[in-house]
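Notes for the one structure printed next.
Derivation of every value follows stated rules applied to the coordinates shown; laboratory data play no part. Predicted model only: the values in this text are computed from it and were never measured. Using ideal geometry, Cβ is built from the backbone for each residue, glycine included, and neighbour counts are taken over all protein chains shown.
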Amino acid sequence: MNGLSTYRYRRLELGDMIRAVLHVARASGDQLAEKRARELLARLAADRFQLAVVGQFSRGKTTLMNALLGGAYLPMGALPMTSVITTVRFGSRPRAIVHRRASPLPVEVPLAEVAGFVAQASARRTELQVASVQVEIPAEILRLGFEFADTPGVGSAIEINTATTRQFLPEADAVVFVTGFDSPLTEAEAGFLADAASHAGRLFLVLNKRDLVSDRDAAEVADFVRRRVLDDLRIGEPRLFGLSALEALEAVVQGDRGRLSGSGLPQLRTTLDEFLTTGKTQVFLGNIADRAARLVSGQRRDLRLGRLRLDDGPDPSTVLAAFDTRMAELDRQRGAVAARIADRIDTSLPELLAARSHAWQASLRDLIEPRADGALAAVGDGTVRSVLEDARGKLEESGRDMVGAWLERRVGEVHELLTGLAAGEIGELLEMWRSPGMAGAGIAGLAVDEDRRELAGWSAEDVPALAVGVPQWAVPVRMPRRSRRNAGTADGEVRRRLEDALTAAIVAFDERARVAFQDAARDWARRLDDEAGRQMREAADRFRHLLQTVPRDEDLVALGDLAGRLAAFQAALVAAEPRRMGGTDETELTPAASPPPDGCLVCEQMQATLTDYLRHSQFRLATREGDQEQHALAGGFCPLHTWQYAAIASPLGISAGYPKLAATVAGALESISEQGGTVADLAGRVADVAPHPGTCPLCAALAERERKAVSEAVGQASAAPAAAALCLRHLALALAAGPPPDTGRAMVRALADALRRDGDDMRVYALKREGLHSGLVTEEEARAHRGALWRLAGLPALTQTWPGTEA
């Protein structure tokens with residue numbers, strides 16, 4: 001298989017394993033694990049590779065993205081310009097799609113208006129409660145397979161921006177971390193960089209603003225950052241790129257190739273392009289497989305809680321007592337955090353709301369004044385009092401809907417004020433309500449790696465909405481003492497009194513709105529605390545239930561098998577990882593034991609038997625004494641299958657499963673050493689002890705599968721000879737079984753045709769590669785060489801003579 005076919009095969013294989021995780025979670029009633037498994041399946045199905053661009057505010061993240069995209073598509077500025085996650089993917093025309101928290105329906109907007117929906121200072125963003133923005137651009141780098149994610153700046157005074165970016169990190173497959181030559185890698189950046197490295201499958205570190213420093217200073221800064229990353233943060237050798245994003249963008253816009261080359265951007269772009277062709281798919285699958293493995297690990301930990309007594313673990317009653325003590329302490333901490341939030345709402349929010357009073361009143365006046373003119377126009381002539389009474393009634397009636405709409409726009413603004421005011425405390429509450437399970441596992445001695453997505457951060461979507469009732473809208477018109485004089489809508493006294501009344505109404509409504517927001521904020525804080533308490537109680541109850549429930553053996557066996565399969569999957573990804581980045585050679589991502597399409601039917605069935613047998617053996621030998629005893633009595637696997645078993649088993653699994661075999665062989669050798677005879681006699685006895693295909697149980701299983709598969713292939717060939725293609729070895733075995741002459745000749749012709757096609761495709765492949773037209777190579781041409789080798793020699797894992805199958 002070539003890289004594309006391999007990726008498709010592995011993606012489906014990983015999907016099968018995650019579906020198995022989902023089934024176990026459903027069978028054991030683990031709703032949280034079921035939800036996470038569904039999220040992983042959705043991510044796998046979407047098949048999008050996300051490259052997150054992160055860094056501190058003002059580092060030039062958006063400028064860098066625009067330079068890579070080839071134009072000033074995304075808003076840039078001196079102030080924080082990104083306050084929500086903005087994803088950028090390929091589209092046939094530039095456009096933006098806005099997603100709001102208050103509405104399930106997205107809104108399409110022109111790309112030129114994106115700043116109004118993502119900028120930190122945008123009133124429109126807060127009024128509409130924008131949750132995220134999706135931008136589509138016809139840029140080549142996006143068509144090749146990247147999806148960018150522009151994230152809010154980290155390490156600034158706007159804590160929710162940092163929390164939102166932190167929460168998004170585990171969703172990214174790779175990270176471009178942007179710092180600057182002018183003040184490289186601050187303390188806040190260093191901590192966030194370490195977090196990013198722990199989540200990212202790949203990390204690209206960019207030193208921006210190269211144009212601000214001299215060559216000598218640039219070299220010193222680059223050396224400082226490299227040493228900081230290696231020695232202090234210990235996250236490995238960084239892929240470090242020094243560049244000027246601003247110069248690069250200006251050069252792209254102006255079409256100045258020389259200036260673009262000097263900006264340093266082409267080096268980053270080349271590396272990203274190479275990564276797309278050599279490592280993207282492995283990182284994407286590796287990230288999902290890693291999360292699936294942690295999910296399985298967490299499920300196994302949870303189920304083992306119910307076996308503490310059976311497995312000679314800590315006494316469950318002792319664990320429960322310690323857990324209850326820990327929960328009581330967490331509950332006290334929750335109360336203290338909630339009290340701090342309430343105190344900030346009482347002491348700081350009134351001042352923040354008052355600071356907005358002037359702007360709020362002005363916006364309300366702009367909204368209401370046109371209605372006042374309309375109310376007057378609808379009033380007939382009469383006494384001054386009657387005209388004023390009539391106008392006030394119409395103005396109050398028409399204004400009620402307007403002030404409701406005005407208040408709704410303020411809700412997003414105040415909600416953002418609240419989350420910013422209590423950002424640190426909100427993070428503490430969220431971590432508390434997610435911590436009982438891990439705390440309990442630690443007390444029970446079963447703590448394992450946890451999927452860190454939930455602990456990574458938070459966004460405004462994780463906290464309650466702000467519920468505000470609309471205050472009374474009243475227009476207090478000051479009536480004249482005597483009103484016998486007739487007046488119309490153009491009367492100066494009438495207009496003056498109505499204008500004074502409207503001003504008083506706006507001021508009064510603003511005051512009542514601020515009181516309503518203050519009350520709503522207190523209610524919001526109570527609901528946030530209540531939700532934290534409810535989540536903590538549910539998590540604690542779940543832990544207690546697990547502690548008292550003995551799990552089903554089949555669930556534990558299934559999870560153990562899945563853990564082994566995922567470990568083997570991850571090992572195969574690592575083994576196939578390209579050895580270098582760059583150059584002109586293609587790197588094919590080919591698993592050693594995976595056949596190309598349209599291959600030998602017998603080899604495919606034997607491969608499935610081999611895989612299943614080894615997967616089950618690595619679990620049984622690691623956990624079951626009876627299987628270990630049987631394995632020892634049989635003399636173990638033959639050398640080939642011993643090392644195939646070792647390729648998927650862990651050191652711990654081998655150490656648990658092989659001591660009995662080692663002891664049995666040691667006893668036999670000790671007995672041989674005490675017997676008489678010549679050296680030749682000793683050699684013969686030792687040869688009898690050594691494992692070989694004649695005694696290997698896996699060899700016997702494969703031989704049996706081969707006999708049946710050959711028979712089935714002959715039967716299929718009678719109906720459709722061309723569809724029953726076999727490799728050279730299995731064709732000979734099939735012909736030895738005595739099919740009808742016409743069927744036999746058709747099977748021989750099928751293999752000949754396949755080999756002829758492979759030969760032609762290999763010649764075309766060589767011609768295109770050597771002619772520097774590798775982009776024209778088709779999938780069939782790229783995999784032809786492996787198909788030919790497989791048809792001629794069989795699968796590498798199966799190339800030996802199985803007992804009882806000699807032709």
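From the Cα gyration tensor of segment 227-359, with a ≥ b ≥ c the square roots of its eigenvalues, which class applies: rounded if a/c is under 1.5, or else prolate if a/b is larger than b/c, or else oblate? Oblate shape, in that a/c is at least 1.5 and b/c is the bigger or equal ratio. State to the nearest 20 debye the size of the charge dipole of segment 602-736 about its Cα centre, where the only charges are +1 on K and R beta carbons and -1 on D and E beta carbons. In debye, rounded to 20, segment 602-736 gives about 340. One equal scatterer on each Cα of segment 288-418, no solvent, Debye formula: the resulting log10 I(q)/I(0) at q = 0.12, 0.18, 0.22 Å⁻¹ is -0.78, -1.05, -1.22.
Label-to-label distance for residue 273 and residue 366 is 4.7 nm, based on points extended 7 Å past Cα in the beta-carbon direction. Projecting the Cα atoms of 268, 357, 330 onto the charge dipole of segment 228-387 (Cβ charges, centred on the Cα centre) puts 330 farthest toward the positive pole.
Between residue 182 and residue 383, the simple spin-label model (points 7 angstrom out along Cα→Cβ) gives 7.1 nm. Between rounded, prolate and oblate, where does segment 617-721 land on the alpha carbon gyration tensor, with a ≥ b ≥ c its root eigenvalues, rounded for a/c under 1.5, else prolate if a/b exceeds b/c? In terms of gyration-tensor shape, oblate. The residue 616 and residue 39 beta-carbon pair, evaluated with R₀ = 45 Å, returns a calculated FRET efficiency of approximately 0.95.
Quick one: if the Förster radius is 51 Å, what FRET efficiency do residue 666 and residue 707 give, using the C-beta to C-beta distance and rounding to 0.05? Result of the calculation: an efficiency of 0.90. The alpha-carbon atoms of segment 661-745 define a convex hull whose volume equals 124 cubic angstrom per residue.
Compactness of segment 270-343 was expressed as the Cα radius of gyration divided by 2.2 N^0.38 Å, which yields 1.95. Extension gain, residue 689-residue 315: 0.36 nm per intervening residue step, less the Cα-Cα distance, totals 130.1 nm.
Projecting label points 7 angstrom from Cα along Cα→Cβ for residue 762 and residue 431 puts them 6.0 nm apart.
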